1. Just to verify a result, which residue in segment 25-62, among those that are in contact with a helix residue (DSSP H, G or I) (Cβ under 7 Å, 6 or more places away or on another chain) and in a helix (DSSP H, G or I), is nearest to Gln88 (Cα to Cα)?
2. Is it fair to say Gly36 is at positive phi, at pLDDT 90 or above and open to solvent by 30 Å² or more (accessible area, probe 1.4 Å)?
3. Under 7 Å between Cβ atoms, at least 6 apart or on separate chains: pull out the pairs that start in segment 10-27 with a residue that is more than 14 Å from Val86 (Cβ to Cβ) and end on any residue that is modelled with pLDDT under 90.
4. Those residues that are buried (at least 18 other Cβ atoms within 10 Å of the Cβ) and in contact with a Leu (Cβ under 9 Å, 6 or more places away or on another chain), I need them from segment 45-71; list them, please.
5. Answer with yes or no whether Val82 is surrounded by 18 or more Cβ atoms within 10 Å (Cβ to Cβ) and outside any helix (DSSP H, G or I).
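The values are calculated or read from the model by the stated rules, or taken from the named source; none is laboratory data. From a predicted model like this one, the values you see are computed outputs, not experimental measurements. When we count neighbours, we look across all protein chains shown, and the Cβ atoms used for this are built from the backbone with ideal geometry, even at glycine. All accessible areas refer to the heavy atoms of the entire protein, side chains included, with ligands and DNA or RNA removed. Shrake-Rupley method; radii C 1.70, N 1.55, O 1.52, S 1.80 Å.
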Amino acid sequence: MKNMGNMMKQMQKMQKQMVKAQEELKEKTVEATVGGGMVTVIASGDKRILEVNISEDVVDPEDVEMLQDLIIAATNEALKKVDELVEQDLGKFTKGLNMPGMF
């Protein structure tokens, strides 16, 4: 039973570390730029879009569709980078565990 107590302590320690890592992710940001710098999206580690920057050169009232596509592409790329950041920061806690959909 002593071994079980040690295992529980380790699990509690790991849980605290994981919560701390999740909190730290909120403070981290990723940036994605598309269209040769025409649209940039900045997202937080908890998948909040913090900023969208659009170059004046891409604002064309005759081609709003292109601007929309660029914004979507930049946003999706930023969210992909957040997923990679989460895997990098929290993946160490789930290595070797087969828990689909956890992160």
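1. Step by step, filter segment 25-62, then rank; the result is Leu25.
2. In short, yes.
3. So the pair list comes out as Met14/Phe93.
4. Correct list: Gly45 only.
5. Answer is no for this residue.
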